[in-house]
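Here's the structure, in structure tokens; my notes come after.
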Amino acid sequence: MGFFEKLKAGLKKTKDSMMSKIERLLGSFTKIDEELFEELEETLIMCDIGVNTSVKICEMLRERVKKKGITDPLLIKDELKDVIVEMMGEDQTLDLSTNPSVILVIGVNGAGKTTTIGKLAYSLKQQGKNVIVAAGDTFRAAAIDQLEVWTERAGCDIIKHNEGSDPAAVVFDALTAAKARGADVVLCDTAGRLHNKKNLMNELKKISRIVHEQAEGCSLEVLLALDATTGQNAVSQAKLFNEACDITGIILTKLDGTAKGGIIITITDDLKIPVKLVTVGEKIDDLQPFVAKDFVNALFE
Ligand SMILES: Nc1nc2c(ncn2[C@@H]2O[C@H](COP(=O)(O)OP(=O)(O)O)[C@@H](O)[C@H]2O)c(=O)[nH]1
Ligand SMILES: [Mg+2]
């Protein structure tokens, strides 16, 4: 299966739930009036597109409909598609312009950090890059083992310490190793125990400080892994983590298992943080750069 087919298959649940609601609504109107826009707004909110974003989408739609003189409610679907593409703006890819470049992956437990790092390590390796992975989730031995399995599959090096050790020290060692070995990319895993929020945020700040000191001048991506199945909760997680580290991009995971993929639209609009990667399954190649147009096509086609 190609990239687009995979994305499409992954987004099937979102598409089925979102598009059927929208089509049913548009089909129930014979003319375009204010009531239609109000009901559409409600429908979008039900599809996990936040309130602000839904209001904005409908405002943009009203303008387009007026300007183009559209009268058939069924034609709104195409306009909606264009509005969403416009809203999501330019696609943004990972900045890996320096050697090494550093990618820090943060997010709550279970969001998909470790598996995404495995997939990303594999993908970068396939592109001929020399990758080092830092086992920065030192909270449980199992977390280190899990990462090791992925790095073996990806065929890249891992820097690890014992369970319970300081994650910032692991990252420090990984950066030192990267410089010594001339690595291209350092991928850092982190813990995500949100029940100890203050400690977690302090830990992330410390790791981030070490990266800034040890990899001065290197490009740094701080990627927040968000589980798409959590819907609107993902937005509050993003706000929380953004206070600890300056997030440069979002990895939206588990798009294959959710009907709440509409959250992507809210994230890009509301948080102004670009979605850079999406994952659509548990296999090593189930990771893709986010392409807004593909996403919208997969939803509307
Ligand atoms: N279906 C599906 N499952 C995923 C995806 N990404 C991660 N998972 C699963 O989510 C669970 C948590 O992932 P993990 O990487 O350990 O999360 P972490 O705690 O953030 O490191 C694991 O069982 C993964 O296999 C995805 O894109 N699709
Ligand atoms: Mg993990």
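The values are calculated or read from the model by the stated rules, or taken from the named source; none is laboratory data. What you see is a predicted model, and the numbers here were worked out from it, not measured in a lab. Here the Cβ positions follow ideal geometry from the backbone for every residue, glycine too, while neighbour counts run over all protein chains shown.
A few comments on the model shown:
- Verdict on THR176 being touching a residue at least 40 places away in the same chain (Cβ under 8 Å) and polar (S, T, N, Q): no
- Some residue of the range 258-276 being within 16 Å of ligand 2 (Cβ to nearest atom) and either at positive phi or among the hydrophobic types (A, V, I, L, M, F, W, C) (or both): no
- Selection count where residues are within 17 Å of SER54 (Cα to Cα) and in a helix (DSSP H, G or I), scope the range 261-299: 11
Residues checked against (1) buried (at least 22 other Cβ atoms within 10 Å of the Cβ); (2) small (Gly, Ala, Ser):
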site: PRO100; (1), (2): yes, no
site: GLY107; (1), (2): yes, yes
site: THR116; (1), (2): yes, no
site: LYS119; (1), (2): yes, no
site: VAL133; (1), (2): yes, no
site: ASP137; (1), (2): yes, no
site: GLY155; (1), (2): no, yes
site: ASP166; (1), (2): no, no
site: VAL171; (1), (2): yes, no
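- Residue count for the range 268-281, restricted to those that are out of contact with any Asp or Glu (no Cβ under 7 Å at 6 or more places or on another chain) and closer than 17 Å to LYS13 by Cα: 1
- Filtered residue count, the range 205-227, keeping only those that are of a type in the set (Gly, Ala, Ser) and in contact with an Asp or Glu (Cβ under 9 Å, 6 or more places away or on another chain): 2
- LYS260 being among the charged types (D, E, K, R) and surrounded by 23 or more Cβ atoms within 10 Å (Cβ to Cβ): yes
- 3 or more residues farther than 25 Å from TYR122 by Cα, in contact with a helix residue (DSSP H, G or I) (Cβ under 9 Å, 6 or more places away or on another chain) and modelled with pLDDT under 95: qualifying helices (runs of 4 or more DSSP H) within the range 145-250: 197-214, 233-244
- Scanning the range 251-260 for residues that are in contact with a strand residue (DSSP E or B) (Cβ under 8 Å, 6 or more places away or on another chain) and either assigned to a loop (DSSP other than H, G, I, E, B) or of a type in the set (A, V, I, L, M, F, W, C) (or both) yields a count of 4.
- Of the candidates GLU282, GLU216, the single residue that is free of Cβ contacts under 8 Å to residues at least 24 places away in the same chain and either within 16 Å of ligand 2 (Cβ to nearest atom) or surrounded by fewer than 23 Cβ atoms within 10 Å (Cβ to Cβ) (or both) is GLU216.
- Among the residues of the range 202-235, those identified as farther than 22 Å from LEU287 by Cβ and within 16 Å of ligand 1 (Cβ to nearest atom) are GLU203, LEU204, ILE207, ASN233.
- Test: residue in the range 290-297 that is within 25 Å of THR151 (Cβ to Cβ), out of contact with any helix residue (DSSP H, G or I) (no Cβ under 7 Å at 6 or more places or on another chain) and modelled with pLDDT under 95: yes
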